[in-house]
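Undergrad: I'd like to ask some things about the structure below.
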Amino acid sequence: IDVGGGSTELTLYSFGEKVLQESFDIGTIRLMSGKVREEMWDEVKRSVKIAVKGHKPLKVVGSGGNINKIFSMSKKKDGKSLELDLLKEYYKELSSISTEDRIAVFNLREDRADVIVPALQIYINAMRWAGSEEIYVPKIGLADGLIHHLWEELKEKA
């Protein structure tokens, strides 16, 4: 699950085979600006439920600045997962205070304090629909991982 400002990318692999790779126009900025209709949520829910059928149990991996920030706030050790219930607790706590208070209380940057709540909403919904109780947050980012993968491929060809 990769949550951005304008969209969310969902990718599902099963035994090395890509089962789902889809981009949905539900992102943090779109949510904040009221540009996400209920039908869009329904489309994501339907796609996730269909894709995960027969592919359980799932290991969910989160990518993006917001899930990385939640992970660092949790004080969990690298390699440990974040539980869905913990994400729900953060959502409840962060959504109940102003952006200014999120900055002061949680030491969030201004450009993170406003988007972290809608990002949590997206992660929570996607995990619920996938039937997953935990999400892993790799230390390496998506772009870094792709560069590393390409580098390994180039080394093999040399």
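Each row is one residue, and each column tells you yes or no for (1) more than 16 Å from the chain's Cα centre (by Cα); (2) hydroxyl-bearing (Ser, Thr, Tyr).
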{"position": "SER72", "(1), (2)": "no, yes"}
{"position": "LYS77", "(1), (2)": "yes, no"}
{"position": "LYS80", "(1), (2)": "no, no"}
{"position": "LEU84", "(1), (2)": "no, no"}
{"position": "LEU87", "(1), (2)": "no, no"}
{"position": "LEU94", "(1), (2)": "yes, no"}
{"position": "ARG112", "(1), (2)": "no, no"}
{"position": "ALA119", "(1), (2)": "no, no"}
{"position": "ILE124", "(1), (2)": "no, no"}
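Undergrad: Report, ordered by the first and then the second residue, all pairs with beta carbons closer than 6 Å, sequence separation of six or more or different chains, a first member in segment 102-114 that is under 15 Å from LYS92 (Cα atoms), and a second member that is assigned to a loop (DSSP other than H, G, I, E, B).
TA: Close Cβ pairs satisfying both conditions: ARG102/LEU108.
Undergrad: Then there's this: Report, ordered by the first and then the second residue, all pairs with beta carbons closer than 7 Å, sequence separation of six or more or different chains, a first member in segment 120-147 that is over 24 Å from ASP85 (Cα atoms) and modelled with pLDDT under 95, and a second member that is open to solvent by less than 60 Å² (accessible area, probe 1.4 Å) and part of a helix (DSSP H, G or I).
TA: none
Undergrad: Does LYS92 count as touching a strand residue (DSSP E or B) at 6+ places or on another chain (Cβ under 8 Å) and not hydroxyl-bearing (Ser, Thr, Tyr)?
TA: No: the conditions fail for LYS92.
Undergrad: Can I ask one more? I'd like the full set of residues that are among the hydrophobic types (A, V, I, L, M, F, W, C), open to solvent by less than 10 Å² (accessible area, probe 1.4 Å) and either touching a Phe, Trp or Tyr at 6+ places or on another chain (Cβ under 6 Å) or not in a helix (DSSP H, G or I) (or both), limited to segment 121-138.
TA: Residue satisfying the conditions is ILE135 alone.
Undergrad: Another question, then. If you take just the strands (runs of 3 or more DSSP E) that sit entirely in segment 1-101, which of them hold at least 2 residues that are open to solvent by 60 Å² or more (accessible area, probe 1.4 Å) and under 21 Å from ALA130 (Cα atoms)? Even if it seems obvious, please write down each step before you answer.
TA: On the way: elements: 8-14, 17-24, 81-83.
Passing ranges, in order: 8-14, 17-24.
The values are calculated or read from the model by the stated rules, or taken from the named source; none is laboratory data. Nothing here was measured: the structure is a model prediction, and the numbers come from that model. Quick reminder, even Gly has a Cβ in these numbers, built from the backbone with ideal geometry, and neighbours come from all protein chains shown. Keep in mind that these areas ignore ligands, DNA and RNA; they rest on the heavy atoms of the full protein, side chains included. Shrake-Rupley method; radii C 1.70, N 1.55, O 1.52, S 1.80 Å.
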